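The structure appears below as structure tokens.
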Amino acid sequence: MIRVLIISGSKKTTECIREFLACEDDLSITISTNAAHARRLFITAAYDFIIINYPLPDEADYRLMLDMNVKNNASILLLVHHEKLKSIDDRMQKAGIMTVGKPIHQHTLYQLLKFAILTQRKQKQQQKDEQQWKQRLQEIKVIQQAKCLLLEHEHMNEQQAHKYLEKKAMNARLTRLQLAKAVIRKYENKTE
């Protein structure tokens, strides 16, 4: 699930963005109409993608975007009037915030939003894959530790320890990881 926060004082812009994003399956959309409310939301929840339609009714500077960027790993898209764009674009880019000048054609805005959502999905998948690899690596370490204990205490060789864990796990209807943890506990208790 991609968590999106829309911060905009303009009902028309908010509705336009929300309407487009509502077509996507895996989005959770939260809307804020001012900076103060957005800051409160930001304290209690994490967001993956933040869209800020500037200016906001209660904030004259760009502190909200910079604060959110520092405290979160979200992608931030800032919509700002063309005349303000040149003065802030450099600073926002250095902070990793994408700025887009208004007025913006609806089709162009949709393309930007689509790209941002696709990027978030890809990033989420990469994080999930990384987590699975870390988990798998941890499982391998535990199984290797159990094999080492079998080599040391039962005087088995590597192949015998491997077969022992596989066969014992299958007979006990356990995963090799579960059995490896049991082996580790057994020998840790003997050494204490």
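Odds and ends about this structure:
- The helices (runs of 4 or more DSSP H) found wholly in the range 1-120 and carrying at least 3 residues that are modelled with pLDDT of 90 or more occupy 11-21, 35-44.
- Single match in 28, 8 (criterion: of a type in the set (Gly, Ala, Ser) and under 22 Å from residue 102 (Cα atoms)): 8
- Criterion (at pLDDT below 95, of a type in the set (S, T, N, Q) and closer than 30 Å to residue 22 by Cα) met by exactly one of 131, 126, 160: 126
- Flag for residue 51 being open to solvent by less than 10 Å² (accessible area, probe 1.4 Å), under 16 Å from residue 10 (Cα atoms) and of a type outside the set (Ser, Thr, Tyr): yes
- Pairing residues of the range 136-160 that are under 14 Å from residue 185 (Cβ atoms) with residues that are aromatic (Phe, Trp, Tyr) and in a helix (DSSP H, G or I), at Cβ distances under 6 Å and at least 6 apart in sequence or on separate chains, gives 149/187; 153/187.
- Candidate set: the range 123-161, residues that are open to solvent by less than 80 Å² (accessible area, probe 1.4 Å) and not hydrophobic (A, V, I, L, M, F, W, C); chosen: the one nearest to residue 3 (Cα to Cα): 124
- Neighbours by Cβ (under 9 Å, 6+ apart or cross-chain): first from the range 164-192, farther than 15 Å from residue 142 by Cα; second among the polar types (S, T, N, Q): 172/178
The values are calculated or read from the model by the stated rules, or taken from the named source; none is laboratory data. Because the structure is a prediction, the values reported are computed rather than measured. FYI the Cβ positions are ideal-geometry reconstructions off the backbone, even for glycines, and counts take in every protein chain you see. These accessible areas exclude ligands, DNA and RNA; they are computed on the full protein's heavy atoms, side chains included. Shrake-Rupley method; radii C 1.70, N 1.55, O 1.52, S 1.80 Å.
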